[in-house]
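Engineer: Have a look at the structure that comes next, please.
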Amino acid sequence: MAITCFIRYEIDPFQRDAFKEYAQCWGRIIPRCGGHLIGYFLPHEGTNNVAWGLIAFDSLAAYEQYRARLKADPQGRANFEMAQAKKFILREERTFTEIVDETFQTAASGKE
């Protein structure tokens with residue numbers, strides 16, 4: 001995958017379970033619409049109101065095609081509407097990054 005979309009969510013920490021449900025729904029929708037879902041990440045320790053979604057694409061053009069399919073997807077629209085109704089997402093930011101191949105998925109060597 002050439003680019004990864006990092007979505008930073010500022011969430012209502014008292015609605016963490018609602019955000020988890022929202023993220024779980026994307027686990028079925030995003031791949032069907034053409035995105036390579038790396039995963040959604042909830043706060044665990046430290047800051048309790050920031051969550052992340054990571055989705056990879058071959059190109060920005062592929063991302064734009066994905067967005068069009070997502071907007072036309074009934075389950076995608078329903079998930080967006082649920083988030084708007086429950087208001088657990090306070091802010092959302094998107095950043096597009098590219099992988100430095102030599103550093104991606106480098107396993108620990110166990111040696112110092």
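Engineer: For the chain, what does the relative contact order come out to in percent, with C-alpha contacts under 8 Å and a separation of six or more?
Structural biologist: Relative contact order of the chain: 44 percent.
Engineer: Let me check I have the definition right: for the chain, take the eigenvalues of the Cα gyration tensor, multiply each by 5, take square roots. What are those semi-axes in whole Å, largest first?
Structural biologist: Working: eigenvalues 125, 87, 25 Å².
They are 25, 21, 11 Å, listed from largest to smallest.
Engineer: Using 1/(1 + (r/R0)^6) with R0 = 35 angstrom and r between the beta carbons of residue 36 and residue 14, what's the FRET efficiency to the nearest 0.05?
Structural biologist: 0.65
Engineer: Here is a follow-up. Could you check how much of the accessible area of the chain is carbon and sulfur, as a whole percent, using a 1.4 Å probe?
Structural biologist: Solvent-exposed carbon and sulfur of the chain make up 52 percent of the total.
Engineer: Lys pairs in the chain, Cα-Cα under 22 Å, at least 8 apart or on separate chains: how many?
Structural biologist: Count of close lysine pairs: 5.
Engineer: If R₀ is 35 angstrom, what is the calculated FRET efficiency for the pair residue 71 and residue 45, using the beta carbon separation as r and rounding to 0.05?
Structural biologist: Efficiency, rounded to the nearest 0.05: 0.50.
Engineer: While we're on this one: Could you do me a favour and compute the accessible area per residue for the chain, 1.4 Å probe, result in Å²?
Structural biologist: 66 Å²
The values are calculated or read from the model by the stated rules, or taken from the named source; none is laboratory data. The model shown is predicted, which means the values in this text are computed figures rather than measured ones. Cβ: placed from backbone, ideal geometry, glycine included. Neighbour counts: every protein chain shown. Ligands, DNA and RNA are stripped out before the accessible areas are found, and what is left, the full protein with its side chains, is counted by its heavy atoms. Shrake-Rupley method; radii C 1.70, N 1.55, O 1.52, S 1.80 Å.
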